[in-house]
Every structure is written in C-alpha cells, then in structure tokens.
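Colleague: Okay, handing you the structure first.
The values are calculated or read from the model by the stated rules, or taken from the named source; none is laboratory data. Here the structure is a predicted model, which is why all the values come from computation and not from measurement. Quick reminder, even Gly has a Cβ in these numbers, built from the backbone with ideal geometry, and neighbours come from all protein chains shown. Just the protein is used for accessible areas: all its heavy atoms, side chains included, with ligands, DNA and RNA removed. Shrake-Rupley method; radii C 1.70, N 1.55, O 1.52, S 1.80 Å.
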Amino acid sequence: VSVANVTVLTPGIYGTTSQNKLPNYGNGDLVILHQASYNSNDGIYYLSSSGFYAQGASVIMYSTDSGGIMLYNAGTGASDKINITGNANGVVDISGRTGGTYQGMILFQSRAATEEVSITGNGSFNMFGTVYAANGTLNLTGNGGSQTIGSALIAKNISVSGGGQVNIALSSGVVAPQRIYRLVQ
C-alpha cells in the first residue's frame, strides 16, 4: 500500500477553529486514530463542525492503545457530514468504544442533526460498533467483496446499495447496550 500522507489524530474537539478543522482525506492518505486509553478524552472525537471526510483514505486505530473510538458529529451545518469510503487498495479498520457511557458506539450523530452519513465499503473494510444518526439518512454502499459496516444501525432513513456485500455484525460484541423493558408484578 502506497501512502502519500500520514495523519495521527488524538481524541478531542475538532472544527472549532480553522486551525483544528479536519481536512478531507483522500486516496493514499493514512489516518491513525488514538483510542480511549490514550488520554482523558476517552477515545471520543468531537466534530463540532466540518464533519469527517475520508474518501479512499486508510483509517485505522493506533495499535498500542485500547478501548476503541467514537466519532461524535454535532452536525451544525450542511457541510458537517460523515463520509467514510474505503479504497480497493486500502484499509478501514476501526471499532467502537469498549466501555463507559458510549460503549459499543462507533459513530454518534447529534439527535437534532439531519446531515447524511455515508459509508462505502471497499478493499479491506471493517467498522464495528453502533452507528447512530436518529434524524439523518444513513447511506451504505458495498463494493467488491464483503465489508462489515457497523454492528447496529439507527437512523431516520437507511439506504443500502452497491455491487458488493454489506454485513451488519450484531454478534461482533461491539454494540451499544440495549434496554429491555418488562412488566413485573
């Protein structure tokens, strides 16, 4: 795999100023995300504006950290979308939080946000965790072989397309806890 640019991101707040706005990552870029064990921000990447675009970039987690990651999208404007597109020659390998309040979450979009979330599997693509976009549209596209795109999906609208196979890995163990209500006498 040929790498043009390597970016290592630490958990924290992004997009509040032009200095910490995330660029659009593209073909040949490698984005490495530190996990929950790295700092006190608990593996959470808070995207206050500008969203997260990784179209054709390889996106992986830092190998010596543990605890998973979560992208939180505040979704305050039309350009604040999440778009993760795999590359036939690249790797997307990320997993949601393994503990704490956001256990099992890989992507959490603000409940008020109406922005689209687009995830396109291609190449080696494994994204484990719950994808939550309660007021948005979730576009899933499978290309090539078999890609794992999430462990559970929650969205206002979900669109699935493409010429490949899209797997939703509920049994992966990286899924947000579910509440079960029962009547007790």
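Colleague: Using a 1.4 Å probe, how large is the accessible area of Ile44, given in Å² and rounded to the nearest 10?
Modeller: 40
Colleague: Read phi for every residue in segment 107-117 and hand back ³J(HN,Hα) as whole Hz from Karplus 6.51 cos²θ - 1.76 cosθ + 1.60, θ = phi - 60°, with x for Gly and Pro.
Modeller: Once θ is set to phi - 60°, the couplings for segment 107-117 become 9, 10, 9, 3, 4, 8, 6, 10, 5, 6, 10 Hz.
Colleague: Now a separate question. Using Cα-only point scatterers and the Debye equation, what is log10 of I(q)/I(0) for segment 30-106 at each q in 0.20, 0.23, 0.28 Å⁻¹, rounded to two decimals?
Modeller: Log10 I(q)/I(0), no solvent term: -0.89, -1.09, -1.27.
Colleague: To continue, here is another question. Can you run phi through the Karplus equation (6.51, -1.76, 1.60; θ = phi - 60°) for segment 44-54 and list ³J(HN,Hα) in whole Hz, with x for Gly and Pro?
Modeller: Karplus values, whole Hz, x for Gly and Pro: 9, 9, 8, 9, 6, 6, 5, x, 9, 10, 10.
Colleague: Please give the net charge around Gly100, taking every other residue with its beta carbon less than 15 angstrom from that of Gly100, where Lys and Arg add +1 and Asp and Glu add -1. Write out the running numbers ahead of the final one.
Modeller: On the way: positive: Arg97; negative: Asp42, Asp65.
Here the charged neighbours net out to -1.
Colleague: Let me ask something else. Using the Cα atoms as the points, what is the convex hull volume per residue of segment 13-151 in Å³? Could the numbers behind the result be given before it?
Modeller: Working: hull volume 14.1 nm³, N = 139.
Cα-based convex hull of segment 13-151, divided per residue, equals 101 Å³.
Colleague: Could you state the number of Å between the C-alpha centres of segment 82-152 and segment 1-29?
Modeller: Cα centroid to Cα centroid, the span is 17 Å.
Colleague: Please state the relative contact order of segment 9-123 as a whole percent: Cα pairs under 8 Å, 6+ residues apart?
Modeller: Details: 310 pairs, mean separation 28.6, N = 115.
Once divided by the residue count of segment 9-123, the mean separation gives 25 percent.
Colleague: Within 10 Å, count the other beta carbons around each residue, average over each peptide in 14-21, 26-33, and list them highest first.
Modeller: For the peptides 14-21, 26-33, the packing ranking is 26-33, 14-21.
Colleague: Each residue of segment 120-125 in order: what ³J(HN,Hα) in whole Hz does its phi give by Karplus 6.51 cos²θ - 1.76 cosθ + 1.60, θ = phi - 60°, with x for Gly and Pro?
Modeller: 10, x, 6, x, 8, 10
Colleague: Still on this structure: Calculate the FRET efficiency for Ser37 and Ser146 from the Cβ-Cβ distance with a Förster distance of 25 Å, rounded to the nearest 0.05.
Modeller: On the way: r = 30 Å, r/R0 = 1.20.
Working from the Cβ atoms, E equals 0.25.
Colleague: Something else: Just the number, please: carbon plus sulfur as a percent of the accessible area of the chain, 1.4 Å probe, no ligands or DNA/RNA counted. Don't skip to the answer; put the middle values down first.
Modeller: Working: 4230 of 8880 Å².
That share works out to 48 percent.
Colleague: Then there's this: When ranked by the protection proxy of mean other Cβ atoms within 10 Å per residue, highest first, what sequence do the peptides 152-162, 81-91 form? It would help to have the intermediate numbers written out before the result.
Modeller: On the way: 152-162: 14.7, 81-91: 20.8.
So the order, starting with the most tightly packed, is 81-91, 152-162.
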